[in-house]
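Below: one structure, written as structure tokens.
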Amino acid sequence: MSKQSICERERSQLKKMNKFQLGNSYKKVGLIIAVVSFLLMILRKYVEDSEWVKPILHGFLLFGLLLISVSKEKIEDEFVDSLRSQTYRLAFILAIVYALVQPLINYGVAVMLNKDDELQGFSYFQVLFFMLIVQLCFFWQLKRMNN
């Protein structure tokens, strides 16, 4: 096998992964999963505070948002594809800024309120949730503005 054919095959696989999208009907499935998970998270606070349920509901919420994010639009054209890639980039950059700034904000608030002034981190859920929400909100807003 030549070096060229290996590179071409890898390039082809990367293109397939880059263009991966689910059908438009998955957007509804993702919305249902996300809304039900969110409602169950709220209900869990008032009914039973089981800690083992929390990561499961977080996982379902993130999965639902991911399904919405990678599902095609009814009309999927180059403009929508461009908006999607721009919003993924924006969400990634803002998530990094969030990850760098949020612990400092938490620390500042704790010091001002004379609470435990220890610098605290945050969970993977917060970052992933933030990224998906930012991507979806900016995508919907930019798409709406350009219609």
- Test set (1) outside the structural domain of LYS15 (by TED's automatic domain parsing); (2) surrounded by fewer than 16 Cβ atoms within 10 Å (Cβ to Cβ) - GLN135 fails condition number: (2)
- Query: Could you give every pair whose Cβ atoms fall below 6 Å, whose first residue belongs to segment 53-70 and is without any contact (Cβ under 8 Å) to a residue 40 or more places away in the chain, and whose second residue is of a type in the set (A, V, I, L, M) and crowded, with 21+ Cβ neighbours inside 10 Å, counting only separations of at least 6 or pairs across chains?
  - Reply: GLY64/ALA34
- Sole exception among (1) touching a helix residue (DSSP H, G or I) at 6+ places or on another chain (Cβ under 9 Å); (2) under 19 Å from GLY30 (Cα atoms); (3) not in a helix (DSSP H, G or I) for LEU61, by number: (3)
- If you check every pair at least six apart or on different chains, which have Cβ atoms under 8 Å apart with a residue in segment 101-116 that is modelled with pLDDT of 75 or more first and a residue that is in a helix (DSSP H, G or I) and surrounded by 11 or more Cβ atoms within 10 Å (Cβ to Cβ) second? GLN102/GLN126
- Is it the case that LEU61 is modelled with pLDDT of 80 or more, among the aliphatic types (A, V, I, L, M), closer than 15 Å to LEU136 by Cα and in contact with a Gly (Cβ under 8 Å, 6 or more places away or on another chain)? no
- Could we say that LEU94 is in the same structural domain as LYS143 (by TED's automatic domain parsing) and at pLDDT 85 or above here? yes
- Message: Out of MET41, MET112, I need the residue that is surrounded by 15 or more Cβ atoms within 10 Å (Cβ to Cβ) and over 14 Å from the mean Cα position of the chain (by Cα). Which one?
- Response: MET41
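The values are calculated or read from the model by the stated rules, or taken from the named source; none is laboratory data. This structure is a prediction, so every number in the text was calculated from the model and none was measured. Methodologically, a virtual Cβ is constructed for each residue, glycine included, from the backbone with ideal geometry; neighbour enumeration extends over all protein chains shown.
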